[in-house]
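Below: the structure, in structure tokens.
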Amino acid sequence: MTDHLKSAPVAYQNETFINSPDGRILRVLAEYQEPLARFRREQIQDTVVFFGSARFQGSQDAAKNLETLEHTHGEDAARMQKDLKLAQAHVNMARYYEDARKLAHMLTKWSIQIPARRHRFVVTTGGGPGIMEAANLGAHEAGGKSIGLNIQLPFEQHPNQYITPALNFQFHYFFMRKFWFAYLAKGLVIFPGGFGTMDELFEILTLAQTDKLAKKILVVIYGSEYWKQIIDFQAFVDAGTVSPEDLDQFKIIDSPDEAFEFLRDGLTQYHLGGTPKKQGEVLPEIAKTRP
């Protein structure tokens, strides 16, 4: 007989298997190993992660949207009032977009001047719109790399255009995306946001509180006006659910300049082995961490 059965695909090219429940472990491993390979190739040593609402717009876009709605006449008055209220809120919150952009620019401009073989303190976001876009934009305008760790969602979230293309990632598993947010991070900046932002904030604070981090992560909670309405941190202490010193894990800040100084000084102290240096002075290259 000369007829032969068609060869079966090798296991790693068998899409039915790879996409099945039995192939889940391989998909999870891929979301660990593929980003790791790219970070090594792009020489990324560590990051500063920006979180915040995906719904915020820049000042010009928010003002333009409000003006358009004010000149729109619809039959559903109640719906129009709701849309106008939301548009006005976006105008009020647009300052956080601009502040994230400025802070990311300042941080990137400083970090790219650090003499090192690899890129230090690279601005990293969830890769989408809003505060994420603002931070990637600020880093792009400063001439540095920035990272976008995007996620597949039922409502599709497109990567913003300011991410460095070689550092544009797409994840399926939230927990693997969270791993990469935390693993390389030396700083965390939490801008006003919703459930996802609070989830990321408390995850990092919990890891720090329980001593699960082999490094010091500097945490900035940005925007006291917003956050003091959302969370009463002192109430945790008053109720005895956290220790008073747990509140030292973060600092609430209201200006890009103050946030930059806090991050620069802390990153230098804990991860560059010294105090901030004057322009032209050389800093140590590699940060020391616990084994």
For R117: the one exception among (1) within 29 Å of the chain's Cα centre (by Cα); (2) exposed (fewer than 13 other Cβ atoms within 10 Å of the Cβ); (3) assigned to a helix (DSSP H, G or I): (3)
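Each row is one residue, and each column tells you yes or no for (1) modelled with pLDDT of 85 or more; (2) under 26 Å from K145 (Cβ atoms); (3) more than 26 Å from the chain's Cα centre (by Cα); (4) among the hydrophobic types (A, V, I, L, M, F, W, C).
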position: V10; (1), (2), (3), (4): yes, no, yes, yes
position: N14; (1), (2), (3), (4): yes, no, yes, no
position: V28; (1), (2), (3), (4): yes, no, no, yes
position: Q33; (1), (2), (3), (4): yes, yes, no, no
position: F39; (1), (2), (3), (4): yes, yes, no, yes
position: E67; (1), (2), (3), (4): no, no, yes, no
position: L86; (1), (2), (3), (4): no, no, no, yes
Can you confirm whether D83 is of a type in the set (D, E), touching a residue at least 40 places away in the same chain (Cβ under 8 Å) and open to solvent by less than 50 Å² (accessible area, probe 1.4 Å)? no
Considering the range 212-226 alone, what residues qualify as being open to solvent by 50 Å² or more (accessible area, probe 1.4 Å) and over 25 Å from L103 (Cα atoms)? K212
When only residues in the range 161-204 that are under 19 Å from S53 (Cα atoms), out of contact with any strand residue (DSSP E or B) (no Cβ under 7 Å at 6 or more places or on another chain) and open to solvent by less than 30 Å² (accessible area, probe 1.4 Å) count, which is modelled with the highest pLDDT? P192
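Would you point out which residue out of Q269, Q234, Q229, Q209 is under 21 Å from I44 (Cα atoms), without any contact (Cβ under 8 Å) to a residue 60 or more places away in the chain and open to solvent by 50 Å² or more (accessible area, probe 1.4 Å)? Quick ask: steps written out before the conclusion?
Numbers: Q234 fails: under 21 Å from I44 (Cα atoms); Q229 fails: under 21 Å from I44 (Cα atoms); Q209 fails: under 21 Å from I44 (Cα atoms).
One residue alone meets the criteria, Q269.
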Residue within the range 241-263 that is among the hydroxyl-bearing types (S, T, Y), touching a helix residue (DSSP H, G or I) at 6+ places or on another chain (Cβ under 9 Å), more than 29 Å from G128 (Cβ to Cβ) and open to solvent by 70 Å² or more (accessible area, probe 1.4 Å) present: yes
Could you grab the pairs with beta carbons closer than 7 Å, sequence gap of 6+ or different chains, first residue in the range 94-106 and at pLDDT below 95, second one surrounded by 24 or more Cβ atoms within 10 Å (Cβ to Cβ)? A94/F56
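Got a sec? Which of D3, D22 is free of Cβ contacts under 8 Å to residues at least 24 places away in the same chain, open to solvent by 100 Å² or more (accessible area, probe 1.4 Å) and not in a helix (DSSP H, G or I)? Explain how you work it out, then say what you get.
Working: D22 fails: not in a helix (DSSP H, G or I).
Sole residue among the options that is free of Cβ contacts under 8 Å to residues at least 24 places away in the same chain, open to solvent by 100 Å² or more (accessible area, probe 1.4 Å) and not in a helix (DSSP H, G or I): D3.
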Of everything in the range 136-153, what is aliphatic (A, V, I, L, M), crowded, with 24+ Cβ neighbours inside 10 Å and farther than 20 Å from F179 by Cα? Give them in sequence order. A139
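The values are calculated or read from the model by the stated rules, or taken from the named source; none is laboratory data. Only a predicted model underlies this, so the values are computations on that prediction, with no experimental measurement involved. A quick note on method: Cβ atoms are made from the backbone with ideal geometry, for glycine too, and the neighbour counts reach across all protein chains shown. Only protein heavy atoms, including side chains, enter the accessible area calculation; ligands, DNA and RNA are left aside. Shrake-Rupley method; radii C 1.70, N 1.55, O 1.52, S 1.80 Å.
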